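**Q** Sharing a structure with you now.
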Amino acid sequence: GPSVVWLRDDLRLGDNPALTAAVERGRPLALVYVLDEVSPGIRPLGGAAHWWLHQSLASLAADTAALGGRLLLRRGAAATVIGELVEELGAGAVFWNRRYGAAERDVDTRIKASLTDAGVVAHSFAGSLLFEPWTIRTGGGTPYTVFTPFWRACTAGPPPRAPYPAPASLDLPGDGDPSGDLAHPALAGAHSEDLASWELEPHGPDWADGLREAWTPGEDAAQQSLAAFLDDALPQYGTERDLPAQQATSRLSPHLRWGEISPHQIWHATDVARRGLTGAAATSATRFLTEVGWREFAYHVLFHAPDLATANLRPGFDAFPWPPLDDAALTAWRRGRTGFRLVDAGMRELWRTGSMHNRVRMVTASFLIKNLLIDWRLGEQWFWDTLVDADPASNPFGWQWVAGSGADAAPYFRVFNPELQAAKFDPNNEYVRQNVPEWGTAAYPQPIVDLGETRRAALAAYEQVKAAR
Ligand code: FAD
């Protein structure tokens, strides 16, 4: 019978190991995406992520059709949906690329077992990470908790495999195999839900104009972003990556989040570009790949600590004496009305475009936790709802890193001063002006807290954590 390729966080046709295996199997195939927001433990996607997913699926459906294939859209608990689809098509095999969250792995393990029981081939592949989390271990056999030795261990071995090309055609004949021939009509007639009916795009107020302006989701756009970055910005990446007013970083994170591009494609294209560079420019290329390594590390940590978004990695941090929540302060932070220019610029960039520069993510997160003394989990949830790259590993990892509750965290006594950060990384207030037009006028809010006082309060709270250990 035909093959089913179950797509999840890998919305691409190029370098897709599961798809490549299905094509090699040589039977008619169907691609399916299952919108599963009901299986136990699966974290519902946020609004900006829904918007991206809609655009990405539309793009993938068009790319699939152009190769003579079909992308089926189904909604519901994945175990039920995949089981029904296999039966409907008389499928002989189901292929997918692995996910690393605990709830997702549970779903996949159960589906694999029931397919295998039913005599259907079920095979999973490594498509979304360069290094599978369980393959990288310390000398003592434990997972890494510190980035530098983790990345050294990753890069000490052979380089990641080369990317697979996209299939030339997805219209595979049944090649005389009776079950294949019979299966073909079932495949052609298989039902696909209407993407619009999923209501992933905003309904009611349309807040997505800024997202549309800032982003083009899809595999083609991802490849174009990579090429443009390697051509124009890679040599200066090392010196300019911290300047939010510059277009100095790759802006690949949402494309990576949804798997429109693979880390293997990025790795190999960057490696080729690096060969043409020397000195600081070559160092920039290495630095860029190291940032991709932070994504690998975040997944390594998530794999070993599945509750990353809700539980402190260091249990000692549970003793942190969060004061009662100040709702007004949280609202001011979300809306970019704290009276601190770099914090406000970042929060407004996030609301308008669904993204925020990495340096500013650190500053806004530090401000919420250490100057407003608001639990990092509330910040993580806001980012989860508003980021187009909202990532189950990198987002909670980044928040725990800033909070000091996480792996290889910033030392707790390093409290960013948002004004000094602004002077250092946005010296001409270019980024501030792009995002906070009224800055410097009477219309701009007064600071909602005193930086010195709140810093002292945060340090006192951290002392209690230390004492509790
Ligand atoms: P580049 O500088 O061009 O880096 C290339 C790629 O490397 C990125 O696309 C990303 O996939 C990866 N990368 C770079 N820095 C990091 C990092 N610190 N941690 C993990 N991966 C990294 N990144 C997300 O993809 N999703 C998130 O939800 C997310 N939440 C964050 C929350 C906080 C509080 C912090 C401090 C960081 C967060 N990051 C997150 C990491 C980082 O800010 C973004 O990956 C980066 O800003 C994306 O821009 P870029 O693609 O231009 O990055």
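Quick note: the coordinates plus some simple rules give every number you see, no bench work behind them. What you see is a predicted model, and the numbers here were worked out from it, not measured in a lab. Glycine also receives a Cβ, built like all others from the backbone with ideal geometry; neighbour counts cover every protein chain displayed.
**Q** Which of the aspartates and glutamates could a cross-linker bridge to Lys370, judged by Cα under 20 Å and excluding same-chain residues fewer than eight apart?
**A** Within reach: Asp318, Asp326, Asp327, Asp344, Glu380, Asp408, Glu419, Asp450, Glu453, Glu463.
**Q** In 5 Å bins starting at 0, how do the alpha-carbon pair distances of region 322-455 split up by percent?
**A** Going from the shortest bin to the longest, the percentages are 2, 11, 22, 25, 22, 13, 4, 1, 0.
**Q** As a test of the definition: which semi-axes, in Å, follow for region 1-127 when you take the square root of five times each eigenvalue of its alpha carbon gyration tensor? Largest first, please.
**A** Working: eigenvalues 85, 73, 33 Å².
Over the Cα atoms of region 1-127, the ellipsoid semi-axes are 21, 19, 13 Å.
**Q** Let me ask you something else. Relative contact order of the chain, please, whole-number percent, based on alpha carbon pairs below 8 angstrom and at least 6 residues apart.
**A** Details: 753 pairs, mean separation 86.4, N = 469.
It rounds to 18 percent for the chain.
**Q** Sticking with this one: Amide H neighbours of Leu35 under 5 Å, at least 5 residues apart or on other chains, H built in the peptide plane: list them.
**A** Arg74, Arg75, Gly76
**Q** Reachable aspartates and glutamates from Lys424, Cα under 13 Å, same-chain residues fewer than 8 places away excluded?
**A** Straight-distance partners of Lys424: Glu240, Asp242.
**Q** Each residue of region 201-211 in turn: what ³J(HN,Hα) in whole Hz from Karplus with 6.51, -1.76, 1.60 and θ = phi - 60°, glycine and Pro shown as x?
**A** Whole-Hz 3J(HN,Hα) from phi for region 201-211: 7, x, 10, x, x, 8, 8, 8, 3, x, 5.
**Q** Now for a separate question. Quick one: order Arg241, Arg335 by neighbouring beta-carbon count within 10 Å, fewest to most. Present the calculation step by step, with values, prior to reporting the outcome.
**A** Numbers: Arg241 20, Arg335 13.
In increasing order of surrounding Cβ atoms, one gets Arg335, Arg241.
**Q** Then there's this: Order these by the 10 Å Cβ neighbour count, fewest first: Val146, Val81.
**A** Val146, Val81
**Q** Considering the convex hull of the alpha carbon atoms of the chain, report its projected area averaged over all viewing directions, in nm², one decimal.
**A** Working: hull surface 95.6 nm².
With every direction weighted equally, the projected area is 23.9 nm².
**Q** Would you mind ranking Leu277, Leu378 so that the residue whose beta carbon has the fewest other beta carbons within 10 Å leads the list?
**A** Details: Leu277 15, Leu378 18.
Least crowded to most crowded, the residues run Leu277, Leu378.
**Q** Test of understanding: what is the full-extension gain from Ala103 to Ala62, defined as 0.36 nm times their sequence separation minus their Cα-Cα distance?
**A** 11.7 nm
**Q** What is the distance in Å between the Cα centres of region 290-334 and region 193-268?
**A** 24 Å
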